[in-house]
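The values are calculated or read from the model by the stated rules, or taken from the named source; none is laboratory data. This one's a predicted model, so the numbers in the text were calculated from it and none came from an experiment. Here Cβ is always computed from backbone atoms with ideal geometry, including for glycine, and neighbour counts include all displayed protein chains.
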Amino acid sequence: MKSAANAKLILLHPSIHKQGLAAPTAATGGAALTPRRWLFSFLTFFTLAFTLTLINSTFSAADRRRSVGGPADSPVLPQPISVALIHYAAVDTNSTKPHMTTAELSSIAAALSPCSPACNFLIFGLTHESLLWRALNHGGVTVFLDENEFHVSKFEQSNPGIEAYDVQYTTKVSQMKELLIQAQSHADNECKPVQNLLFSECKLGINDLPNHIYQVPWDVILVDGPRGYSPTSPGRMSAIFTAGVLARSKCGKRNSKTHVFVHEIGREVERIYSEEFLCRENLSESVDSLGHFVVEKTMQGNGARFCKNSSSGSSILR
């Protein structure tokens, strides 16, 4: 009996001892695991938040660069490739469309070079050289404007990634003198050189483009459209006027100068309207049938004029 009792005590004693030890151990282990889990959760949340913030910042920066024409990630197009593209565009004998000479193409390419690979390039007219302009401005913003909605749609389908818009011109070549006189008489208000064309009431201003077109600080503008070979053609009066206003109303901190090219400047409309709205004092060079103007950004003001000598258009019309 005594031995059995002692054995019972011996058997129960370790059990009690284990329970006594187990309780604190469990309590200790639970207390130790709680901060670890909390720390792990915190680090996981912090890492996830940091990653999402980094991704968002990267895309936001890229969007800002695209919207203002800032530095792009695309490399500069190597010069030998540019030269080859210009060469084959100029000597293409398979095309029945009129196209520019090598000298004309080289002049425009030279204007794109300083801001490459992030030039903002606006082109009036879909022409034989359209794909060349996009290639030469590789990495930049290239936008095409054309009078023919069908051609714009077909061009976009054939060339994914192209940005092109159709323009509804309300002018005719036969109205050239009338429109110029009207613009001159409203040079202090509707047809002033510095304005937001989106809200323009000037008959020469193009005000139905997508909003962002008016926000881009264009580095180079080429006027090679719309048609202007007959009295009933739309003519390039509105395109030249709009180019002059966009150059003078340039926003942002980019280069204050805009290179404006007018093709077929020997024709009456192109010559007269270029002298009136792009100005003879801004003429940098004439290469074959291409006029090259360098137009400075102009500060808003009541006394602002397109040209220092504003009588050029009037004298031509007399």
Kindly establish whether Asp219 is over 18 Å from Met176 (Cα atoms), among the charged types (D, E, K, R) and in contact with a Cys (Cβ under 7 Å, 6 or more places away or on another chain).
-> yes
Can you confirm whether region 86-100 contains a residue that is in the same structural domain as His292 (by TED's automatic domain parsing), exposed (fewer than 13 other Cβ atoms within 10 Å of the Cβ) and at pLDDT 75 or above?
-> no
Yes or no: Gln168 part of a loop (DSSP other than H, G, I, E, B), of a type in the set (S, T, N, Q) and in contact with an Asp or Glu (Cβ under 8 Å, 6 or more places away or on another chain)?
-> yes
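Name the one entry in Asn282, Asn309 that is out of contact with any Lys or Arg (no Cβ under 9 Å at 6 or more places or on another chain) and either at pLDDT 70 or above or under 28 Å from Thr102 (Cα atoms) (or both).
On the way: Asn309 fails: out of contact with any Lys or Arg (no Cβ under 9 Å at 6 or more places or on another chain).
So the residue among Asn282, Asn309 that is out of contact with any Lys or Arg (no Cβ under 9 Å at 6 or more places or on another chain) and either at pLDDT 70 or above or under 28 Å from Thr102 (Cα atoms) (or both) is Asn282.
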Taking the options Leu204, Leu209, name whichever one is at pLDDT 95 or above and crowded, with 21+ Cβ neighbours inside 10 Å.
-> Leu204
How about region 273-303: which of its residues are in contact with a helix residue (DSSP H, G or I) (Cβ under 8 Å, 6 or more places away or on another chain), part of a helix (DSSP H, G or I) and crowded, with 16+ Cβ neighbours inside 10 Å?
-> Tyr273, Ser274, Glu275, Glu276, Phe277, Leu278, Cys279
What is the residue count in region 144-184 for residues that are under 21 Å from the mean Cα position of the chain (by Cα) and hydrophobic (A, V, I, L, M, F, W, C)?
-> 7
Lone qualifier among Pro193, Pro210, Pro217 - being more than 30 Å from His99 (Cα to Cα) and not hydrophobic (A, V, I, L, M, F, W, C) = Pro193
Hey, among the residues in region 226-241 that are buried (at least 24 other Cβ atoms within 10 Å of the Cβ) and in contact with a Gly (Cβ under 6 Å, 6 or more places away or on another chain), which one's nearest to Ile123 (Cα to Cα)?
-> Arg236
Could you check how many residues of region 257-272 are more than 15 Å from Arg227 (Cα to Cα), surrounded by fewer than 22 Cβ atoms within 10 Å (Cβ to Cβ) and touching a helix residue (DSSP H, G or I) at 6+ places or on another chain (Cβ under 6 Å)?
-> 1
Just need a number here: residues in region 151-174 that are in contact (Cβ under 8 Å) with a residue 24 or more places away in the chain and not aliphatic (A, V, I, L, M).
-> 10
Being within 23 Å of Gly291 (Cβ to Cβ) and either in a strand (DSSP E or B) or free of Cβ contacts under 8 Å to residues at least 12 places away in the same chain (or both) narrows Leu246, Leu179, Leu222 down to just Leu222
